[in-house]
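Read the structure below first, then the notes.
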Amino acid sequence: MSHNMEEIAARLRGAGYRVTPQRQLILDAVCELGGHVTAEAVYESVQEIVPSLNQGTVYRALNFFCDERIVTATRQPDGRTVYELAGQNPHHHFVCQVCGADYEVSQQMLRPLFERARQEYGFAVEMDHISFFGRCRECR
C-alpha cells in the first residue's frame, strides 16, 4: 500500500495542521506494513528508526489520521483495533469469527442501507470502513 505524502501534507496544512516528522514516520509505517496493522506493530516499526518515540505519540497520531480520514480503524472480533490507509474508494469487511476469513465489501453494496437509514431515521452514516462479524459459508 502506498501514499502520496506531498498530497497528504498539503491537505493537512490546508486544514491548519502541521506535518511533523513523527506523523510522517507513523504514516509511512502504516503504509509499509500494509493491510490491517495494529498500533503495536506500528510502534515497533517506528521504534527501530526513532527509539525515543513513545507509544502515546503513535496512538495520538493514528487517532489524528483517523479523524482526518487518512487512515481507517476497524475493531476485530478479538477486540484489537487495526488500521489501514484510507483508499479512494471506501470499503467494508465481512469477517468470519470462526476462521478469520475477511471479505472486502464495496461501499456500493451498503449504500442502500445507508440511504434507508437517512430516509427512515434522518441518520447520516459517516463511516468509510465498517467490519461486520459473523460466520462464513464454510464455518456455518
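The values are calculated or read from the model by the stated rules, or taken from the named source; none is laboratory data. Just so it is clear, the structure is predicted and the values come from calculations on it, not from any experiment. Virtual Cβ from ideal backbone geometry, glycine too; neighbours counted across all protein chains shown.
Descriptive notes on the structure:
- Region 7-22, subset among the small types (Gly, Ala, Ser) and assigned to a helix (DSSP H, G or I), residue surrounded by the fewest Cβ atoms within 10 Å (Cβ to Cβ): Gly14
A quick yes/no check of all residues on (1) over 21 Å from Ala41 (Cβ atoms); (2) of a type in the set (S, T, N, Q):
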position: Thr74; (1), (2): no, yes
position: Asp78; (1), (2): no, no
position: Val82; (1), (2): no, no
position: Leu113; (1), (2): yes, no
position: Phe123; (1), (2): yes, no
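- Figure legend. Inter-residue proximity from region 116-128: first residues touching a residue at least 40 places away in the same chain (Cβ under 8 Å), second residues in a loop (DSSP other than H, G, I, E, B), beta-carbon distance below 8 Å, spacing 6+ or different chains. Indicated pairs: Asp128/Arg69; Asp128/Ala86; Asp128/Pro90.
- Taking residues in region 46-74 that are hydroxyl-bearing (Ser, Thr, Tyr), and partners anywhere that are part of a helix (DSSP H, G or I) and crowded, with 18+ Cβ neighbours inside 10 Å, the pairs with Cβ atoms closer than 8 Å and at least 6 places apart or on different chains are Thr57/Ile26; Tyr59/Ala39.
- Residues being under 30 Å from Met5 (Cα atoms), more than 13 Å from the chain's Cα centre (by Cα) and of a type in the set (Val, Ile, Thr) - total across region 82-128: 2
- Residue match in region 111-124 (condition: in contact with a strand residue (DSSP E or B) (Cβ under 9 Å, 6 or more places away or on another chain), outside the structural domain of Phe64 (by TED's automatic domain parsing) and either more than 26 Å from Arg60 (Cβ to Cβ) or hydrophobic (A, V, I, L, M, F, W, C) (or both)): no
- Filter result for the condition that a residue is touching a Lys or Arg at 6+ places or on another chain (Cβ under 8 Å), modelled with pLDDT under 90 and polar (S, T, N, Q), over Gln107, Gln88, Gln76, Gln97: Gln97
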